[in-house]
Amino acid sequence: MSLKHAQNPVIQALLQRRSTPAKALTAPSPSEEELQLAIECGTTAPDHGALRPWRVRVMQDEQRELLADAFGRAFARLNPDATEQAIEAARSKALRAPTVIAVASDTRHDVPKVPAFEQVASTAAFIEHMQLALNAMDYGCVWVTGPLSQTKEVKDALGFADSVDVVGLIQVGTPSVMPPPRKGVDLAQILISK
Ligand SMILES: Cc1cc2nc3c(=O)[nH]c(=O)nc-3n(C[C@H](O)[C@H](O)[C@H](O)COP(=O)(O)O)c2cc1C
């Protein structure tokens, strides 16, 4: 590409962004200062009405056991016939990466000019800013949700109110493998011309 901005480092970071599978995320995790910097980058997300709907809970190392227990309890409640093995598999999903950053939208329903979906959209933008910042610090991450992330058990374990929308449980660590380069998207499929 000959466009003069094509080599700009921000543009290049965006074009090359890839998620790292959770099972390929290992220690070391971001430090406290690095986490704060990534979260601060999240706070520059577009935010209609400056409602600041974002809520963040970081769980690292042994703290993730609380999340794993909540995954196990929620899975057992939703699947009363589940085997011990299936419950353990659900539990283990909280323990794949060394750090989990849970991000929720504390969505308000009393602001007519900012409907709920806009607040969740802002929280999604927050997450992507944060992911890009983590990538810039050489950490890998992947945004996951799954059917258990909205359960009361999981929200309780994260310290979130039951009324929030959990938008992502971001798995973070140092990539043990580099994800392959992305296959480009055909812009003709997304550009509407009439
Ligand atoms: C709201 C949201 C929820 C997601 N939940 C999951 C999930 O539960 N499990 C999963 O494997 N990927 C999930 N993804 C997709 C991954 O984050 C990632 O985008 C995907 O693996 C493709 O990799 P890439 O980001 O490198 O293109 C989710 C993405 C979004 C935006």
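The values are calculated or read from the model by the stated rules, or taken from the named source; none is laboratory data. What you see is a predicted model; the values in this text were computed from it and never measured. FYI the Cβ positions are ideal-geometry reconstructions off the backbone, even for glycines, and counts take in every protein chain you see.
Restricting the range 35-52 to residues that are in a helix (DSSP H, G or I) and surrounded by 16 or more Cβ atoms within 10 Å (Cβ to Cβ), the residue that is farthest from the ligand (Cβ to nearest atom) is L37. If you go through the range 135-149 and keep only what is small (G, A, S), more than 6 Å from the ligand (Cβ to nearest atom) and part of a loop (DSSP other than H, G, I, E, B), you end up with just S149.
Here is a yes/no grid of residues against (1) part of a helix (DSSP H, G or I); (2) crowded, with 19+ Cβ neighbours inside 10 Å; (3) not small (G, A, S):
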{"position": "L132", "(1), (2), (3)": "yes, no, yes"}
{"position": "K155", "(1), (2), (3)": "yes, yes, yes"}
{"position": "F160", "(1), (2), (3)": "no, yes, yes"}
{"position": "V172", "(1), (2), (3)": "no, yes, yes"}
{"position": "M178", "(1), (2), (3)": "no, no, yes"}
{"position": "P181", "(1), (2), (3)": "no, no, yes"}
{"position": "A188", "(1), (2), (3)": "yes, no, no"}
{"position": "S193", "(1), (2), (3)": "no, no, no"}
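Answer yes if at least one residue in the range 94-105 is away from the ligand (no atom under 14 Å from the Cβ) and either exposed (fewer than 14 other Cβ atoms within 10 Å of the Cβ) or modelled with pLDDT under 95 (or both), and no otherwise. The answer is no, given that none of the residues of the range 94-105 is away from the ligand (no atom under 14 Å from the Cβ) and either exposed (fewer than 14 other Cβ atoms within 10 Å of the Cβ) or modelled with pLDDT under 95 (or both).
For the criterion of being assigned to a helix (DSSP H, G or I), without any contact (Cβ under 8 Å) to a residue 60 or more places away in the chain and more than 15 Å from the ligand (Cβ to nearest atom), I11 passes. Summed over the range 68-86, residues that are part of a helix (DSSP H, G or I) and either surrounded by fewer than 17 Cβ atoms within 10 Å (Cβ to Cβ) or touching a strand residue (DSSP E or B) at 6+ places or on another chain (Cβ under 7 Å) (or both) total 6. Does A136 fit the bill of being in contact with a helix residue (DSSP H, G or I) (Cβ under 9 Å, 6 or more places away or on another chain) and closer than 22 Å to V177 by Cβ? Criteria met by A136.
Among the residues of the range 14-54, just one is basic (K, R), in contact (Cβ under 8 Å) with a residue 24 or more places away in the chain and over 14 Å from D138 (Cα atoms), namely K23.
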